[in-house]
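Student: Structure provided below as structure tokens; questions to follow.
Taken together, the values in this text are just the output of simple stated rules run on the coordinates, not laboratory data. The structure displayed is predicted, hence computed values, not measured ones. Please note: Cβ atoms are built from the backbone with ideal geometry, for glycine as well, and neighbour counts cover all protein chains shown.
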Amino acid sequence: MFKNTFQSGFLSILYSLGSKPLQIWDKEVVNGHIKRPQDEDIQSNVLEIIGSNIQSTYITCPADPAATLGIKLPFLVMIVKNLKKYFTFEIQVLDDKNVRRRFRASNFQVWVCPQLAGF
């Protein structure tokens, strides 16, 4: 998607202030909604994705699962407001040797280290 685009500085793939912030994203919503309300803290439009189950309400980019974004920039910047609700974010990276790695940030899954479980 961005493979043949000159990449320097920042490349925005999701920006809530644009006219169509989810234009290149696929959306799945079951028992929930995706809205752009005005946030009172930052006095600006934000993207609100709410669902009863995080496995059935999400956005994904690119919309085609077989495609890649082709981003080569080394940093990912996210601004997320703590609403004291469950949240997860996943990113999958495909390196130059075609190895896929998936990174997840979440506040609902507890991981227990087996070596420390007895403490």
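Student: List every residue whose amide H lies under 5 Å from the amide H of Asp39, counting only residues 5 or more places away in sequence or on a different chain, with H placed 1.01 Å from N in the peptide plane.
Tutor: Placed amide hydrogens put Ser44, Asn45, Val46 under 5 Å from Asp39.
Student: Going highest first, how would you order 55-62, 29-36 by mean Cβ packing within 10 Å? Intermediate results must be reported in sequence, preceding the final value.
Tutor: Details: 55-62: 14.9, 29-36: 13.0.
So the order, starting with the most tightly packed, is 55-62, 29-36.
Student: Pop out the ³J(HN,Hα) list for the range 89-102 in order, Karplus 6.51 cos²θ - 1.76 cosθ + 1.60 with θ = phi - 60°, rounded to Hz; leave Gly and Pro as x.
Tutor: Using θ = phi - 60°, the values come out as 9, 10, 9, 10, 10, 10, 8, 5, 9, 6, 9, 9, 10, 10 Hz.
Student: Can I ask one more? Can you tell me how much longer the chain between Ala66 and Leu17 gets when fully stretched, taken as 0.36 nm per residue apart minus their C-alpha distance, in nm with one decimal?
Tutor: On the way: separation 49, 0.36 × 49 = 17.64 nm, distance 2.80 nm.
Between Ala66 and Leu17, full extension yields an extra 14.8 nm.
Student: Compute the relative contact order of the range 24-116 as a whole-number percentage, counting only Cα pairs closer than 8 Å that sit 6 or more residues apart in sequence. Please report the intermediate quantities before stating the final value.
Tutor: Values: 105 pairs, mean separation 19.2, N = 93.
In percent, rounded to a whole number, it is 21.
Student: Let me ask another. Show me the GluC sites (Glu not before Pro) within the range 1-108 that DSSP assigns to loop and that have at most 11 other Cβ atoms within 10 Å of their Cβ. Walk me through the numbers before you get to the answer.
Tutor: Numbers: sites: Glu28, Glu40, Glu48, Glu90; in loops: Glu40.
Hits after loop and neighbour filter: Glu40.
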